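Notes for the one structure printed next.
The values are calculated or read from the model by the stated rules, or taken from the named source; none is laboratory data. For clarity, every value in this text was computed on a predicted model and none was experimentally measured. Heads up, the Cβs are rebuilt from the backbone with ideal geometry, glycines too, and the neighbour counts pull from every protein chain shown.
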Amino acid sequence: MKQFIVLIILLSAGSISYAQKADTIVVTAKTLNIKNLKPGKSHYLLYFSDLNEQNHKNLEFWTRTVSFKNWSGKEIIEISQSWESRDSVYHTAMSVCDKKTFGTLYQETWWGMKERGTYKAEINFEDRKAIIQGKDLTSDTSSAMAKECLAAFDQARNEYNLNWHLDLETFALLPLAENKVFKINFYEAGYPTPPKWETYAVVGSNTFTGFNNVPVDCWLLKHVTDQSEEVFWVSKETHEVLKLKQKQGDQYRFKIKLEGI
């Protein structure tokens, strides 16, 4: 009898362990549900605070616009971004993604930083054009930085990856569920860092209540690196990212979706 009871306990423990085991998904084009992404504008308030979530500072206003179009004979998704700080726009981006795979076909980015000057990049994956600061890296690799950028770009062209600049839109496409873990090969076009696998884990559910005082049931999607810890609140109904809370050293960085603007 004792042996039977011990066997039942062991089998039960094994079942519990199996039920709680994370289901890891290596993200490919087949993983994504493009229908989750809706056309239109989204606005986000970005700010920093101390670890007590007080002393809010460095407020920014971000606008992201999703459009479905035709581009060079292909059905594409165009996502434009505008980031404002204080009284001016300091960053714009326009990304073109294949509607079937969400892979990047083309991207233009511009940064206007008072401290660092301006930076402009135009990346065309189909034509292998990488023009940064007016120089075509495919024909001018005179600097070490240019060589690294070109090497990263060529690697990205030869393997499936997703655009890290479109992380919020990417998360809307994932089949989020309890105990799911997603490995995503992210690449930031125009930079020297090659595509890199990042891990995002669903760590539970939580209610998000925005400035409109409407509670929304969300999945919590967590991403940890040596430099920071991020948690995204993703609506279970609309699949939109409604909130980001990111710990960076002795401060938090927040991104809150603004409804009704």
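Laid out as a table, the results:
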{"quantity": "Selected residue (criterion: farthest from the chain's Cα centre (by Cα)) from residues of segment 189-225 that are under 30 Å from Phe125 (Cα atoms) and not in a strand (DSSP E or B)", "calculated": "Pro192"}
{"quantity": "Matching option when the condition is acidic (Asp, Glu), more than 26 Å from Lys35 (Cβ to Cβ) and modelled with pLDDT of 95 or more, among Glu198, Glu159, Glu122", "calculated": "Glu122"}
{"quantity": "Filter result (surrounded by 18 or more Cβ atoms within 10 Å (Cβ to Cβ), over 21 Å from Asn52 (Cα atoms) and in contact with a strand residue (DSSP E or B) (Cβ under 7 Å, 6 or more places away or on another chain)) within segment 224-241", "calculated": "Val234, Ser235, Glu240, Val241"}
{"quantity": "Some residue of segment 228-240 being more than 22 Å from Val66 (Cβ to Cβ), modelled with pLDDT of 95 or more, of a type in the set (S, T, N, Q) and not in a loop (DSSP other than H, G, I, E, B)", "calculated": "no"}
{"quantity": "Sole residue being out of contact with any Gly (no Cβ under 8 Å at 6 or more places or on another chain), within 29 Å of Gly249 (Cβ to Cβ), outside any strand (DSSP E or B) and touching a residue at least 12 places away in the same chain (Cβ under 8 Å), chosen from Glu84, Glu60, Glu126, Glu53", "calculated": "Glu53"}
{"quantity": "Condition broken by Glu178, with the remaining ones in (1) acidic (Asp, Glu); (2) in a loop (DSSP other than H, G, I, E, B); (3) surrounded by 14 or more Cβ atoms within 10 Å (Cβ to Cβ) satisfied", "calculated": "(3)"}
{"quantity": "Sole exception among (1) in contact with an Asp or Glu (Cβ under 7 Å, 6 or more places away or on another chain); (2) of a type in the set (A, V, I, L, M); (3) more than 20 Å from Lys41 (Cβ to Cβ) for Met94, by number", "calculated": "(3)"}
